[in-house]
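**Student:** Shown below is the structure under consideration.
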Amino acid sequence: MVLAGVLAVWISGVVAAVHPSHPVHKAPRELLNRIAGSAHAVANPYHPGHAAARTVTSSFAPRSTPLEFGGDPTGVKDSTVALQMAISVCLNQSKLSPNGNFPGDTSFNNGHSIRDMGGCEVDLAGGEYLISAPLIIPQYNANMNFGFGSLVAAPNFQGDFMIVIGIQGSCKVPQGSCNIDINFPSLFIDGGHVASGMQINDVMGVTIGPGGYFLNFTAYGIQINQGHEVMVDRCWLGESNFDYDFAKFGTVPNASAIQINGNDHYVLNTIVFSSRIGLEVHGAADYIQGVHVWFPMNRALSFMGPPVSAKAFFVTAGGNRFNGCYADGGRCVFVGGGLSKNRWMNGFECCAGGGLGGINHGIILAGDSIGPGLEITHNMFGGGSVWHEPAPNTSSDRDIRAHAHSMAPPGDCATAFKYNTTGLQCNGLQQDPSAKTADACRQRCCAEQAQGSCNVWQFSGDGDGGGCWFDPSIGNVDCVPEHNAGPWLGGATQDPSAGGNAKIVGTRIADNSFSGQSGVGTRASMTASGPGSNFTLDFCEHLVFKNIALVRSLTVVDGATAGLTAHALPPQGCSINVITSSPLTKGGMLFVEVDSSTYTGAFV
């Protein structure tokens, strides 16, 4: 046995307290019945509703179960040691392998080679096992399966993750993969609000699912670090149950369901139903398809402000592909390197919770250096849109600021403030010393707006230069990244973030459909009718970025006047003046198409 060596690499950690109002959920009966009724299971005399040993097609197939080592399949007694001993049976299978090493591997010239476990299987046989420490699969092992049952973290769990492969950051071999071909089918993991789910370090060819279910995890459901070709397939994840009301119990979401810190990984046909962040992508060449992220009661937007900053998707690196993903009442936030060389297509967005529709939701592009190679095409927006916001103050995802009106009641004029001035400091505003809160400041602007004279408001609790400020005429306002008396909260009816300062290169946001509002993109077209020879066209409502980089086409049609030409003056923000060589008659038409993005030879 190699048990002692395995237990020596347990990850240290602290025991987190279970919130007294937070229910502890065990494996759903439906899942247990599905496992029990599978072709691999028969009745289990130890625990009604669970399956017993799976049928093995060959008597020579390497296989172990925690039952063989005194594990308790009813989930009452601690089975940590029994499970680690079952894993050690597979670790020792390399001694029985014809060559001892994984096929095709001999040595990394560092004294190590990857041991072949021969397809060994740790079969939970439909049981539910209580564990109090991480289950470890050490480096330099390959060809193993672990699943077909449930793991539940004990209240006294010591460690960070329930299952750990390898040691984070320690694999120094070609391709950075020290474990290969380790799979987790039909596995239910319940963190009990004291542990994260699974940490996968420096591997290749690891598959999680199908049929994975991760519940009640603390910081992470699944964390993938470096390596490549981890595949998460047909899994369900939630840091709470799908019906848990965070606001009712006075709690906030805390976890990331899936975090990818590496390249070439895959997440397919997976559901996140409760988590602060559904999916984080911090690597390149990752492929995400059919991922649906939602939140209990569709209240994710209630938690988008600091320090929580809830998001459906959070992307900080380029070179990734997102196909057919569904942001259900949340925000897909792209920052930093995530603003270039990414493709988001065939997606769907809808369903902000009641009273939350006025908050920017859908796809959020946070930063002023966009592209090249950013494509957002062929998506359906059911209430949200594509928004450009200022970059966060720091690289931390928790610093992406939110609208101060995130909890505004239905009917509040806050829904008119479509643009986020949080994180900006606007000059040229008028102060109202009587408004002592952000809500009162917003209401002051609402009252002024009823007279048509307030387009932006800001509030800071800083006593030195802070307070409530509002603007009766946005034309005289200059907004820059905040530099004193912050943090500033606020909103505006027009984009105050000096969108013309953004650098948009080789970016295409087009061929999307929008419900309930005007569509936006990097390209837009408008028409103007005669009579006249000088036309001003305002594209602001139709452009994600409030600037015009170039005029793509300009056409004049007037049957009454032959030989008409037209030319455009330099754009002013997102407006442009077009002058015709002769006045258009009443029936004449002018067609103009513009683009916010400049061209690049690498993006055609």
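**Student:** Among Lys436/Lys546; Lys172/Lys311; Lys311/Lys546; Lys248/Lys311; Lys341/Lys503, which pairs are too far apart, with a Cα-Cα distance over 26 Å?
**Tutor:** Lys436/Lys546; Lys172/Lys311
**Student:** In the calculated pair distance distribution of the stretch 204-311, what percentage of Cα-Cα distances lie above 17 Å?
**Tutor:** So the pairs more than 17 Å apart make up 50 percent of the total in the stretch 204-311.
**Student:** Could you state the accessible area per residue of the stretch 503-589 in Å², with a 1.4 Å probe and every protein chain left in place?
**Tutor:** In whole numbers, the stretch 503-589 has 49 Å² accessible per residue.
**Student:** Now for a separate question. What percentage of the solvent-accessible surface of the stretch 205-294, computed with a 1.4 Å probe over protein heavy atoms, is contributed by carbon and sulfur atoms?
**Tutor:** 54
**Student:** Also, I was wondering about something else. Give me Rg over Rh for the stretch 561-602, both radii from the alpha carbons and Rh done the Kirkwood way, two decimal places.
**Tutor:** Ratio value, two decimals: 1.08.
**Student:** If you put +1 on each Lys and Arg Cβ and -1 on each Asp and Glu Cβ, how big is the dipole of the stretch 111-222 around its Cα centre, in Debye rounded to 20?
**Tutor:** With only Lys, Arg, Asp and Glu charged at Cβ, the dipole is about 240 debye.
**Student:** Sticking with this structure for a sec: Looking at the stretch 204-299, which trypsin sites (Lys or Arg not before Pro) are DSSP coil and have at most 11 other C-beta atoms within 10 Å of their C-beta?
**Tutor:** Qualifying residues, ordered by number: none.
The values are calculated or read from the model by the stated rules, or taken from the named source; none is laboratory data. Predicted model only: the values in this text are computed from it and were never measured. All Cβ positions, glycine included, derive from the backbone under ideal geometry; neighbour counts span all protein chains shown. Ligands, DNA and RNA are excluded from the accessible area calculation, which covers all protein heavy atoms including side chains. Shrake-Rupley method; radii C 1.70, N 1.55, O 1.52, S 1.80 Å.
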